[in-house]
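The values are calculated or read from the model by the stated rules, or taken from the named source; none is laboratory data. Note that the coordinates shown come from a computational prediction; the quantities given were computed from them, not determined experimentally. Every residue, glycine among them, receives a Cβ derived from its backbone with ideal geometry; neighbour counts consider all protein chains shown.
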Amino acid sequence: MENNNLSRRNFLGKTALGVAGVAVAGSSASAMSAASYKRIVGANDRINIAFLGCGNRSKGHQNMVKMSEKDKNLGVVAVCDLWSKNREKTAARLKEKFGYDVKQFKYFEDLLAMPELDAVMIATGDFQHAKILAEVVKAGKDCYCEKPMAIDVEEAKYARETVLASKQVVQMGSQWVSEPVQRKVREIVRSGKIGQITKIEQVWNDNGPRWHDPDRQTVKDIRPEDTDWNRWLLGKPYEPFDPWKYFEFRIFRQYSGGITSQWMSHAIGLVHFYTDTAIPDSMVAHGGIFGWPDIRQNPDTFQALASYGDSKFLYSYSSSYANKFGDYTCIRGKEATLFAHGGEGSPRWFLIPEHQDLPGGFDFFNGMTDLVKSGKAEIITTEEYNNQLPPTVLSDDSKYHIDNWADCMRSRNQNTNGNIHTGFWHSVGTIMATRSYREGKKLYWNREKEEIVDHPAKS
């Protein structure tokens, strides 16, 4: 397959992408204005949704739509995926789940030309999110976009500006910000009850070759003629077809930050949510491939340290894929500590007031029960858990989050729980961490120029 042998649909390898725009050259969608096919959804109309990218995360999107199908009057009209097998399997799954047939598309510009389509849920490769998000909103469709929103600052800027120039309702796949317990934690932080925050720590681990499976069946099944490799690259430098990169993009540097893009995007997004902050002033990171020396290029062990100068707190993020012990989030204030057992999005939170002369070797995990019984700590809970102790793990498929998106689509409220600004902030934070690790140096965010630099701004 030659890089120069591009069809009309291989648009981003040849067209310019940047702050100036994305051109979909020769496509049916680009030939018509968004207004010419945008459907106005009434208060009682069904919201017609399509799934763009039909891999594993899309299954979660499908589950969420099913959860809210009746409550929010949601329906599915189409699926879109470059790989024919993914399209066909997903269409069959949806017929079983929803009871009706949906249309199938290989290319998203053809999907976006559907006049009856209202909204798109993107679950493609990390490096594709920002570019596709921009095309979706330019087509006059609302969008639910998986995190990370972007792995490149200029693409993040372009997506943000495109969304802000539109009237479309965008929700990032940062689902934990819609969960009742997390929103209660935010209220506690904002109330000043824990005092000035000086440090936030997040430790989220696993033990296994995350995102790489040497026996992956899809790698054996796919043929170049059943997909479009040039289109999949979506503007990345050409390289020969590689099914491992196609399905396991998260472990390759060109296509993802790995831990930063997938896990830290959730984590730092929650920090911004709790503290009403945006982008770190500085970031330094380190890591390596220590546990799983396989074909991966991104680290399996990683740690980042960021400063939020205006708010005067330090942020620490750590992940290991070779040891699962001890996941937690800890928000340290001068008057109290908020502590969560469990990893990504855990709702099991406790509030521990300061000045109680607790032992230095206090067992944060098993000792919490005794603290609660003695009145030295309280459980943070909600009616959702009958005001009892919440679990440490939640499903990634959040009805609260898609309900918020659906409500905002009805009201045309662009300020969703995971709006475009939150996507931009988590993207820049994780890009800073990725680049710091790869470049081996501390990096800074220049707020005036909106760019990552290797020196602090002059005071």
Q.
Of everything in segment 51-94, what is among the polar types (S, T, N, Q), crowded, with 18+ Cβ neighbours inside 10 Å and in contact with a Lys or Arg (Cβ under 8 Å, 6 or more places away or on another chain)? Give them in sequence order.
A. 62, 68
Q | Residues of segment 236-261 classified as touching a residue at least 40 places away in the same chain (Cβ under 8 Å) and surrounded by fewer than 19 Cβ atoms within 10 Å (Cβ to Cβ), total | A | 7
Q) Looking only at helices (runs of 4 or more DSSP H) that fall completely inside segment 350-459, which ones have 2 or more residues that are at pLDDT 95 or above? A) 399-411, 420-439
Q) Out of the residues in segment 162-187 that are of a type in the set (S, T, N, Q) and not in a strand (DSSP E or B), which is nearest to residue 415 (Cα to Cα)? A) 168
Q: Please give the number of the condition residue 325 fails out of (1) over 24 Å from residue 196 (Cβ atoms); (2) aromatic (Phe, Trp, Tyr); (3) buried (at least 20 other Cβ atoms within 10 Å of the Cβ).
A: (3)
(Q) Just the residues that are over 19 Å from residue 65 (Cα atoms) and modelled with pLDDT of 55 or more, please, taken from segment 30-41. (A) 37, 38, 39, 40
Q) Which of the residues spanning segment 189-215 are farther than 13 Å from residue 251 by Cβ and either touching a helix residue (DSSP H, G or I) at 6+ places or on another chain (Cβ under 8 Å) or among the charged types (D, E, K, R) (or both)? A) 189, 190, 193, 194, 197, 199, 200, 201, 202, 204, 206, 215
Q) How many residues does segment 330-341 contain that are assigned to a loop (DSSP other than H, G, I, E, B) and either of a type in the set (Lys, Arg) or under 17 Å from residue 316 (Cβ atoms) (or both)? A) 1
Q. From the list 105, 127, which one is over 23 Å from the mean Cα position of the chain (by Cα) and either under 30 Å from residue 451 (Cα atoms) or surrounded by fewer than 21 Cβ atoms within 10 Å (Cβ to Cβ) (or both)?
A. 105
(Q) I'd like to verify a number: residues in segment 247-279 that are over 16 Å from residue 124 (Cβ atoms) and out of contact with any Leu (no Cβ under 9 Å at 6 or more places or on another chain), how many? (A) 20
(Q) Exactly one condition in (1) without any contact (Cβ under 8 Å) to a residue 24 or more places away in the chain; (2) surrounded by fewer than 17 Cβ atoms within 10 Å (Cβ to Cβ); (3) within 26 Å of residue 299 (Cβ to Cβ) is false for residue 223; which is it? (A) (3)
Q) Listed residues 189, 185; which is touching an Asp or Glu at 6+ places or on another chain (Cβ under 9 Å), within 25 Å of residue 310 (Cα to Cα) and not polar (S, T, N, Q)? A) 189
Q) Of these, 302, 241, which one is of a type in the set (Phe, Trp, Tyr), part of a loop (DSSP other than H, G, I, E, B) and over 27 Å from residue 417 (Cα atoms)? A) 241
